[in-house]
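For reference, the structure is listed below as structure tokens.
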């Protein structure tokens, strides 16, 4: 049996790829939908966390419960002091996410509660572009 490494070995890889251009994306929102309590969650999230941590910004998790745990962070060689969990009220969830993305001081993992509208996604994308940051939007089914 072959074992695949979860770490990204090529720091030149982007979180998303453009097939028609050589310009590397500098910001944006990616979305992933995971089954609740999925055993495969680390397989999906660890390579993304490794990529997000390459430029030594804060890594912020916004949501009810953190999507990542301390052992994952340490296994990737990420400084645990650079990882924040932010719990916010439902009525200001979108504003907090947008402010964090627009600030440009970190990359954001967003545990989105329920469905997201096109308008909300557009606001997150605009904030990420403004802050030159990445956001990973995680939804559960």
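The values are calculated or read from the model by the stated rules, or taken from the named source; none is laboratory data. Keep in mind the model is a prediction, meaning the values are calculated, not measured. Note that we place each Cβ from the backbone using ideal geometry, even for glycine, and neighbour counts take in every protein chain shown.
Checking each residue in the stretch 105-122 for being free of Cβ contacts under 8 Å to residues at least 40 places away in the same chain, surrounded by fewer than 16 Cβ atoms within 10 Å (Cβ to Cβ) and either touching a helix residue (DSSP H, G or I) at 6+ places or on another chain (Cβ under 8 Å) or assigned to a helix (DSSP H, G or I) (or both) picks out 118, 119, 122.
Say whether the condition of being at pLDDT 85 or above and more than 16 Å from residue 31 (Cα to Cα) is met by at least one residue in the stretch 63-77. So far as the stretch 63-77 goes, no, none of its residues is at pLDDT 85 or above and more than 16 Å from residue 31 (Cα to Cα). In summary, residue 109 fulfils each of the numbered conditions (1) within 20 Å of residue 37 (Cα to Cα); (2) at pLDDT below 85 with the single exception of condition (2). Would you check if there is a residue in the stretch 64-84 being over 23 Å from residue 122 (Cα atoms), in a helix (DSSP H, G or I), touching a strand residue (DSSP E or B) at 6+ places or on another chain (Cβ under 6 Å) and without any contact (Cβ under 8 Å) to a residue 40 or more places away in the chain? Yes, the conditions are met somewhere in the stretch 64-84. Among the residues of this structure, residue 33 does not count as one that is at pLDDT 80 or above, under 18 Å from residue 140 (Cβ atoms) and either in a helix (DSSP H, G or I) or in contact with a helix residue (DSSP H, G or I) (Cβ under 6 Å, 6 or more places away or on another chain) (or both).
Looking at 54, 49, 101 in this structure, which one is within 14 Å of the chain's Cα centre (by Cα) and either surrounded by fewer than 17 Cβ atoms within 10 Å (Cβ to Cβ) or not in a helix (DSSP H, G or I) (or both)? Let's see the steps before the verdict.
Working: 49 fails: either surrounded by fewer than 17 Cβ atoms within 10 Å (Cβ to Cβ) or not in a helix (DSSP H, G or I) (or both); 101 fails: either surrounded by fewer than 17 Cβ atoms within 10 Å (Cβ to Cβ) or not in a helix (DSSP H, G or I) (or both).
It is 54.
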